[in-house]
Amino acid sequence: MRLAIVAPAIALRAGLRAILNAADSSALPNPPEVVFEAASLAEYAALAPAVDVLLVSAETLSRTELQQALPEEPGKVALLLISDQPNLAPQIAGLPLRGWGLLPVETSAEELLAAVHSVYEGLIVGAPSLLEPILAQMQVASLPETTSESPSLTERENQVLQLLARGLPNKQIAIQLGISEHTVKFHVSSIYAKLQATNRTEAVRSGILGGLISL
């Protein structure tokens, strides 16, 4: 997995690179390899390196900046933002990304690594407080029309949803599927986004109505 880091401070870029390089490559199917670093999205866009994941730390960011930094081919790059600003979520949603996420500044190394792999796999991940604005927008946008078409979940998301319906907590789901608890959390976050749910009850209800859960 080729990864680029964009952060204004050299120390911050070095810290993120150290976390990613510390990943146990033997335990990961596709360990991250930092191949490019930049102080800004403009600097990144000027050289446009070929990467799979773009890791950005920023307090302010415009949709225009993001659009200019993305390659012409839709779904080519995944984006992971590190910021405490919830208003950034609407700037990301709808962009032609492989996957995307929004994590708080105090994210742990384990959460960061899990999030990098999750967005690379095409998931939407992030802290609930940071994703809440976009989830609310998605729910409002869906009110005027109804559809019988079920949203598309990945095979792993379907497995997680079935276990959610059984009432299993994240820790038990992680044990059942042989993945980390942090990865389960990101799968749950992606399920919420796709089913336009804000909690487990709504996600399970939507799954039942959409024929995604077998009772």
> How much length is gained on full extension from Thr154 to Glu202, taking 0.36 nm per residue of separation minus their Cα-Cα distance?
Replying inline: 15.4 nm
> Which of these, Leu55, Leu70, Leu177, has the largest mean-square fluctuation under a Gaussian network model of the chain (Cα springs below 10 Å)?
Replying inline: Leu177
> Along segment 193-198, what does the Karplus equation 6.51 cos²θ - 1.76 cosθ + 1.60 (θ = phi - 60°) give for ³J(HN,Hα), rounded to whole Hz, x for Gly and Pro?
Replying inline: 5, 6, 8, 6, 10, 10
> Which number do you get for Rg(Cα) / (2.2 N^0.38 Å) in segment 146-209?
Replying inline: 1.04
> By how many nm would the segment from Arg63 to Leu209 grow when fully extended, if each residue of separation counts as 0.36 nm and the alpha-carbon distance is taken off?
Replying inline: 49.1 nm
> Relative to the present Cα-Cα distance, how much length would full extension add between Glu132 and Val105 at 0.36 nm per residue of separation?
Replying inline: 8.0 nm
> Does segment 2-127 come out rounded, prolate or oblate, given a ≥ b ≥ c as the square roots of the eigenvalues of its C-alpha gyration tensor, rounded meaning a/c under 1.5 and, failing that, prolate meaning a/b above b/c?
Replying inline: rounded
> If the cut-off is a Cα-Cα distance under 15 Å, which aspartates and glutamates reach Lys76, setting aside same-chain residues fewer than 8 apart in sequence?
Replying inline: Asp52, Glu121
> With each run of n ≥ 4 DSSP H residues scored as -39500 (n - 2.57), what mean residue ellipticity at 222 nm is computed for the chain after dividing by its residue count and rounding to the nearest 500 deg cm²/dmol?
Replying inline: -14000 deg cm²/dmol
> Could you give the Stokes-Einstein D for the chain in µm² per second, using the C-alpha Kirkwood radius, 37 °C, 0.692 mPa s?
Replying inline: 184 µm²/s
>> If I model a spin label at Arg2 and Ala46 as a point 7 Å from the Cα along the Cα→Cβ vector, what separation in nanometres do I get?
In response: 2.0 nm
>> Whole angstrom only: what separates the Cα centroid of segment 33-64 from the Cα centroid of segment 159-215?
In response: 32 Å
> What are the residues whose amide H is under 5 Å from the amide H of Val77, where those residues sit 5 or more places off or on another chain and H is modelled from the backbone?
Replying inline: Arg98
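Throughout, read-outs are computed from the coordinates displayed, never taken from laboratory work. Note that the structure is predicted; figures quoted are calculated from it, not measured. Counting neighbours? That spans all protein chains shown, and the Cβs are built from the backbone with ideal geometry, glycine included.
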